[in-house]
Amino acid sequence: MSRIRAAFWDPAGDRYGGMPTYPWRMAPPHLLTLRQLTAEGLRPGSQGVQAQVLWRSRHHGTPGVRAAYLYDVRFALPKRTATARQRAALGKANAARRTCPECDRDVGYVLPRHLGTCLDCAEEMAA
Ligand SMILES: [Zn+2]
């Protein structure tokens, strides 16, 4: 382990105010960044930051220490799905797309855009 990596190796958080700290790419596998959690379809839930990853970066000119915060995947929760209200709004929007402006019925399928009416009305108008 390099000297810098060793400086960031503090799983107990003794040197970092109680925050378990790991060098880049050396955190245990159950600790994930927010981005990694999201990629797994998860969110942190009620847990706070569990640990941090530190690394030196020279990006953007000024060298400095960068941090990424880690969450414990074991406390993570599934990403919130649509709320009842959102589902209702979606349902309404879909119902509107199924409702024929000619006969005012929910015909149970999305109206063909090129007709603008249900198939029955389109047929009747064609006749
Ligand atoms: Zn119709």
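The values are calculated or read from the model by the stated rules, or taken from the named source; none is laboratory data. Just so it is clear, the model here is predicted, and its values are computed rather than measured. Cβ coordinates were reconstructed from backbone atoms using ideal geometry, including for glycine residues, and neighbour counts include every protein chain displayed.
If the condition is being more than 9 Å from the ligand (Cβ to nearest atom) and within 43 Å of the chain's Cα centre (by Cα), then the range 113-127 contributes Arg113, His114, Leu115, Gly116.
Among the residues that make up the range 108-115, is at least one of them of a type in the set (D, E, K, R) and either at pLDDT 85 or above or closer than 30 Å to Pro28 by Cα (or both)?
For the range 108-115, residues of a type in the set (D, E, K, R) and either at pLDDT 85 or above or closer than 30 Å to Pro28 by Cα (or both): absent.
Within the range 77-111, the residues that satisfy the criterion of being assigned to a loop (DSSP other than H, G, I, E, B) and either exposed (fewer than 14 other Cβ atoms within 10 Å of the Cβ) or in the same structural domain as Tyr22 (by TED's automatic domain parsing) (or both) are Lys79, Arg80, Thr81, Ala82, Thr83, Pro101, Cys103, Asp104, Arg105, Gly108, Tyr109, Val110.
Screening the candidates Arg35, Arg43 for the property of being among the basic types (Lys, Arg), more than 21 Å from Trp9 (Cα to Cα) and loosely packed, with under 12 Cβ neighbours inside 10 Å yields one hit, Arg35.
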